[in-house]
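Just below is one structure, and these are the notes that go with it.
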């Protein structure tokens with residue numbers, strides 16, 4: 001009987017160990033960011049003033065891996081971010097309307113007071129130049145709504161004439177199914193979780209406004225008390241704590257990794273897709289608790305050094 005019990009216990013141990021290991025790998029990595037200029041690709045930059053949340057695998061059981069921006073999602077509890085008009089222009093042309101059959105081309109976005117001014121070409125059989133002014137709003141389900149206050153097509157047909165004939169932007173602007181931007185009436189509805197290039201973000205947009213020539217967005221509530229405290233003091237950093245995180249040939253369990261701006265005179269200019277170049281150009285220190293603090297130069301500084309060597 002004792003032999004049978006021993007066998008059963010041994011069998012349970014073999015079966016349970018992998019499941020416990022899987023559970024440990026599935027724990028999220030807590031993340032905190034302050035003053036980071038996040039390059040997300042295609043000429044689009046997201047200025048993260050502050051962010052708290054988690055790094056989770058893009059698929060169940062998948063470990064977040066810095067070397068693959070498609071391997072993880074940033075789940076946001078609270079964040080305040082901004083985008084320049086150049087980044088918004090690149091987002092429109094290089095991401096949202098990049099397809100050959102896109103209904104809008106050659107978009108330029110500018111800030112005028114508290115509104116966005118968009119100019120471009122509407123493709124409706126023939127190419128029609130248009131100008132639209134819109135105020136940013138937030139829908140009840142946390143999406144960005146660009147509500148037009150004025151529209152002019154071909155330089156002279158005003159929005160009021162469209163309204164008189166019962167013509168809305170949605171009837172002129174056909175967007176393919178599954179696009180991160182949809183048109184409802186005259187409103188452009190943008191889903192932040194799908195619109196930006198990877199790494200993807202997931203969180204509820206609660207406020208959007210124009211200030212200082214930029215588009216600002218608030219996710220979640222106002223800045224909460226810090227959820228995790230980094231090992232060294234810095235104004236410009238990213239800190240990852242707990243869970244499992246993989247970068248290069250290293251895998252960190254109970255992750256304790258801080259990326260710090262080596263020269264914090266401005267925002268920490270960082271690229272998830274090219275972090276290795278910044279890593280090689282910087283230096284790292286181990287903490288007494290077995291964590292790692294890595295000091296990195298800005299991406300722009302690394303690029304300047306490379307150009308100077310040529």
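Odds and ends about this structure:
- Taking label points 7 Å from Cα along the Cα-to-Cβ direction, residue 194 and residue 288 give a separation of 5.1 nm.
- Inter-probe distance in nm under a simple model that places probes 7 Å from Cα toward Cβ, at residue 223 and residue 266: 2.1
- Full extension of the chain between residue 117 and residue 251 gives 43.6 nm of extra length, using 0.36 nm per residue less the Cα-Cα distance.
- Ranked by how many other Cβ atoms sit within 10 Å of their own Cβ, fewest first, the residues 186, 77, 254 fall in the order 254, 77, 186.
- Extended-chain gain in nm, criterion 0.36 nm per residue less alpha-carbon gap, residue 100 and residue 150: 15.3 nm
- Centroid-to-centroid, using Cα positions, region 44-82 and region 104-154 are 28 Å apart.
- Inter-site label distance for residue 300 and residue 273 at 7 Å from Cα along Cβ, in nm: 1.9
Since every read-out is calculated from the coordinates, none of them should be taken as a lab result. Note that the structure is predicted; figures quoted are calculated from it, not measured. Note: ideal-geometry Cβ built from the backbone for every residue, glycine included; neighbour counts use all protein chains shown.
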